[in-house]
Amino acid sequence: MSADHSFILKLSCADRPGIVHAVSGFLFERGSNILDSAQFGDSHTGEFFMRVHFQQTGSGPGLEAFRAAFSVLAEPFGMRWELHDAAVKPRVVIMVSKIGHCLNDLLFRYRTGQLGIEISAIISNHKTFYQLAASYDIPFHHFPLGEPGAQNKAAQEARVLEVIDGVQADLVVLARYMQILSPQLCEQLMGRAINIHHSFLPSFKGAKPYYQAFDRGVKLIGATAHYVTTDLDEGPIIEQEVERVDHSMTPEQLTAIGRDVECVTLARAVKWHVEHRIVLNGSKTVVFR
């Protein structure tokens, strides 16, 4: 099996001696070669986290056979685990409203091979970016809200979920989708939806955070990529980035600076998610960069 066709195992469980030995021994016994491995023991929670990228050195079990065998090993440790084929590009659905810098950045990274994903659809409550989607030959779905003749929220979200399920999306990216998702949709997308919030959380939650930052006279502004939960802007944080600002800048200037920061922050979070580098640790994340 070639080096570019490999597997990624990530797991978490209560920390105890012998976990790394058991995992590495399991892989060795099946003719696998570890390409890279990372682990972390959280002394505060007593949890252990691990990510292993490996390939088979000769003929060996396929993905499903690996999964079946590893489930036997995982059970006595109480492991929560996932095993992925690294050659498979995750299917992504992007949701956006009228502000398109993050969408445009993700599309460019996708087209140039910087993100190993397949963008299966773009969903919006506005028609603003249908031509941009068409230029990348990506299906665009316009599901309006709050306009004459538009659907109510429940009906609109039902259509959104129909698209997500129809393409079997592995990840949904809210690239400045300026609508609050219902608790029901948040539950449906738990662990596979990433939002970009245009502030350095937990500061300045909700609407117009750059104006809130201006009013407080902050010296740093930032962006936060986090998983979507039913609690607004409270999901586990994946990545954050900041930029220094000063008293001379207007809210509009803060917004312009912040948009660059948002693009970089969201792209990193998406990349780490699709490379299976993120493990949930309660309300936080462990990110094996």
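When N152, N125, N104 are screened for being assigned by TED's automatic domain parsing to the domain that holds Q179, free of Cβ contacts under 8 Å to residues at least 12 places away in the same chain and of a type outside the set (D, E), only N152 passes. Examine the stretch 49-57 for a residue that is of a type in the set (F, W, Y) and surrounded by fewer than 17 Cβ atoms within 10 Å (Cβ to Cβ), and state whether such a residue exists. Within the stretch 49-57 (the criterion being of a type in the set (F, W, Y) and surrounded by fewer than 17 Cβ atoms within 10 Å (Cβ to Cβ)), the answer is no, since none of the residues qualifies.
Of all residues in the stretch 242-283, those that are on the phi > 0 side of the Ramachandran plot and in contact with a Cys (Cβ under 9 Å, 6 or more places away or on another chain) total 0. With respect to (1) in contact with a helix residue (DSSP H, G or I) (Cβ under 8 Å, 6 or more places away or on another chain); (2) assigned to a loop (DSSP other than H, G, I, E, B); (3) farther than 20 Å from A207 by Cα, the lone exception for V160 is condition (2). Tell me yes or no: at least one residue of the stretch 194-216 is under 16 Å from N125 (Cβ atoms), touching a strand residue (DSSP E or B) at 6+ places or on another chain (Cβ under 9 Å) and in the same structural domain as R244 (by TED's automatic domain parsing). Yes - at least one qualifying residue is present in the stretch 194-216. Put simply, of D260, D233 the only residue that is surrounded by fewer than 20 Cβ atoms within 10 Å (Cβ to Cβ), in a helix (DSSP H, G or I) and either of a type in the set (D, E) or under 18 Å from the mean Cα position of the chain (by Cα) (or both) is D260. Please state which one of Q212, Q253 is over 24 Å from the mean Cα position of the chain (by Cα), without any contact (Cβ under 8 Å) to a residue 40 or more places away in the chain and surrounded by 16 or more Cβ atoms within 10 Å (Cβ to Cβ). Sole residue among the options that is over 24 Å from the mean Cα position of the chain (by Cα), without any contact (Cβ under 8 Å) to a residue 40 or more places away in the chain and surrounded by 16 or more Cβ atoms within 10 Å (Cβ to Cβ): Q212. Each residue in the stretch 263-287 was checked for being in a helix (DSSP H, G or I) and under 20 Å from I8 (Cα atoms), and 7 pass.
Restricting to the stretch 236-254, name every residue that is in a loop (DSSP other than H, G, I, E, B) and at pLDDT 95 or above. Hit for the stretch 236-254 is P236, nothing else. Tallying residues that are touching a Phe, Trp or Tyr at 6+ places or on another chain (Cβ under 7 Å) and hydroxyl-bearing (S, T, Y) within the stretch 210-232 yields 1. What do you reckon, is R259 in contact with a Leu (Cβ under 7 Å, 6 or more places away or on another chain), assigned by TED's automatic domain parsing to the domain that holds G113, charged (D, E, K, R) and over 29 Å from G166 (Cβ atoms)? No; evaluated as a whole, the condition is false for this residue.
Residue count for the stretch 14-41 satisfying the condition of being surrounded by 15 or more Cβ atoms within 10 Å (Cβ to Cβ), over 16 Å from W81 (Cα atoms) and of a type in the set (D, E): 0.
The numbered conditions (1) crowded, with 18+ Cβ neighbours inside 10 Å; (2) touching an Asp or Glu at 6+ places or on another chain (Cβ under 7 Å); (3) hydrophobic (A, V, I, L, M, F, W, C); (4) at pLDDT below 95 are all true for L63 except (1). Residues in the stretch 8-34 that are part of a strand (DSSP E or B) and at pLDDT 95 or above were compared, and the one that is farthest from T57 (Cα to Cα) is A14. Quick one: in the stretch 138-155, of everything that is surrounded by 15 or more Cβ atoms within 10 Å (Cβ to Cβ) and more than 17 Å from I119 (Cβ to Cβ), which residue is modelled with the lowest pLDDT? Once the filter is applied, the top-ranked residue is Q151.
The values are calculated or read from the model by the stated rules, or taken from the named source; none is laboratory data. The structure displayed is predicted, hence computed values, not measured ones. Cβ atoms come from the backbone with ideal geometry, glycine included; neighbour counts cover every protein chain shown.
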